[in-house]
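Here is the structure we will look at, set down as structure tokens.
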Protein chains: 2
Amino acid sequence: MCKGDKMLDDEKYMTLALKEAEKAYLMGEVPIGAVLVDNEDGTVVSRGHNLRETRQDATAHAEMEAIRAATAALQRWRLTGMTLYVTIEPCAMCAGALVNSRIDRLVYGSHESKFGAVESVFNVVSHRLLNHRIAVTAGVLEEECRRLMQDFFKMRRQQNRAKKKASFQEALPDSME
Amino acid sequence: MCKGDKMLDDEKYMTLALKEAEKAYLMGEVPIGAVLVDNEDGTVVSRGHNLRETRQDATAHAEMEAIRAATAALQRWRLTGMTLYVTIEPCAMCAGALVNSRIDRLVYGSHESKFGAVESVFNVVSHRLLNHRIAVTAGVLEEECRRLMQDFFKMRRQQNRAKKKASFQEALPDSME
């Protein structure tokens, strides 16, 4: 376990990460949110939510936004002594960025079977060959994190169906309406 | 093979990536460089070199810089129809970013046994479970790419030794000088 672990209330910080995910949802982005917390005193150092569509940048995931905001604020690339909370299991890019930033601990909510790079598809954060390994806690507020994703994709499917129906009706000749 | 592969002269573009790596070297950064090329007409869409220390940002790797510069210029996150040339095998973060950006092809120079995420430690770019897989060519101008890294670390070791020697001599009492 890393320094200060006992101080951190995982559910409290995951609730903040969920608030970030809700911001993404309201913007029409896949709802994933993250917060970065100092293990020593529990300060929230930075927050981030998925902004891929808004920024048209495939690297603008919640975790990357939080990492980049923290390094910009602290003016150092080493984020040792910190825990990242994120609602969904990170992809390879984000898991790699956590290792590169020397973050101590990762806490996430729900698994991601398609691209998860902590335990689902790869294990990027604690591989024996890497020079830095991250302590992991999974499943914190899992149900809430997963439900937000499911609601989002359900809503998107409904929107797509409605759009298709509208464009089909538009394409009909007048006599068939 | 992806569209336009035959058009691209891999050594020509790797030479440009090496030029980027040299810029990093001159800045005291680990010398890794990248260029992103349009497969259709061979246009260099963006360039990048490692800026971790300069920017104090662990995500500022050469590949990430090139990807972000391209998405900013093109105002789209999908970089399909493009090839990334990079002097050293990408880490998990960068390999994941290439997949997330839907890049068609990756060409790299030298392997990286400690953190390489294409074939050395992980295979992040063409895993059967991922929704996008990238064609890979390795070993282009391998010797030049590796030598630049070796020169850099040799120079850094010499500098560190000189620094240690100077601080040891400074710490000596006057009578021992």
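Data for the structure
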item: Residue pairs meeting the criteria (Cβ under 8 Å; at least 6 apart or on separate chains; first more than 17 Å from B:R102 (Cα to Cα), in the range B:123-142; second modelled with pLDDT of 90 or more and β-branched (V, I, T)); result: B:A138/B:V107; B:A138/B:V118; B:V140/B:V107; B:L141/B:T15; B:L141/B:T87
item: Residue that is surrounded by the most Cβ atoms within 10 Å (Cβ to Cβ) [pool: residues in the range B:36-64 that are assigned to a helix (DSSP H, G or I) and within 11 Å of another protein chain (Cβ to nearest Cβ)]; result: B:E63
item: Residue in the range A:36-47 that is charged (D, E, K, R) and under 22 Å from A:F153 (Cα atoms) present; result: no
item: B:I67, sole failed condition from (1) in contact with a strand residue (DSSP E or B) (Cβ under 8 Å, 6 or more places away or on another chain); (2) assigned to a loop (DSSP other than H, G, I, E, B); result: (2)
item: Exclusive hit being touching a Gly at 6+ places or on another chain (Cβ under 8 Å) and either modelled with pLDDT under 95 or in a helix (DSSP H, G or I) (or both), set B:R146, B:R128; result: B:R146
item: Residue in the range A:96-113 that is of a type outside the set (S, T, N, Q), modelled with pLDDT under 95, open to solvent by 10 Å² or more (accessible area, probe 1.4 Å) and more than 12 Å from the chain's Cα centre (by Cα) present; result: no
item: Condition broken by B:R76, with the remaining ones in (1) more than 14 Å from chain A (Cβ to nearest Cβ); (2) in a loop (DSSP other than H, G, I, E, B); (3) open to solvent by 80 Å² or more (accessible area, probe 1.4 Å) satisfied; result: (1)
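The values are calculated or read from the model by the stated rules, or taken from the named source; none is laboratory data. Predicted model only: the values in this text are computed from it and were never measured. Note: ideal-geometry Cβ built from the backbone for every residue, glycine included; neighbour counts use all protein chains shown. These area figures cover heavy atoms from the full protein model, side chains too; ligands, DNA and RNA do not enter into them. Shrake-Rupley method; radii C 1.70, N 1.55, O 1.52, S 1.80 Å.
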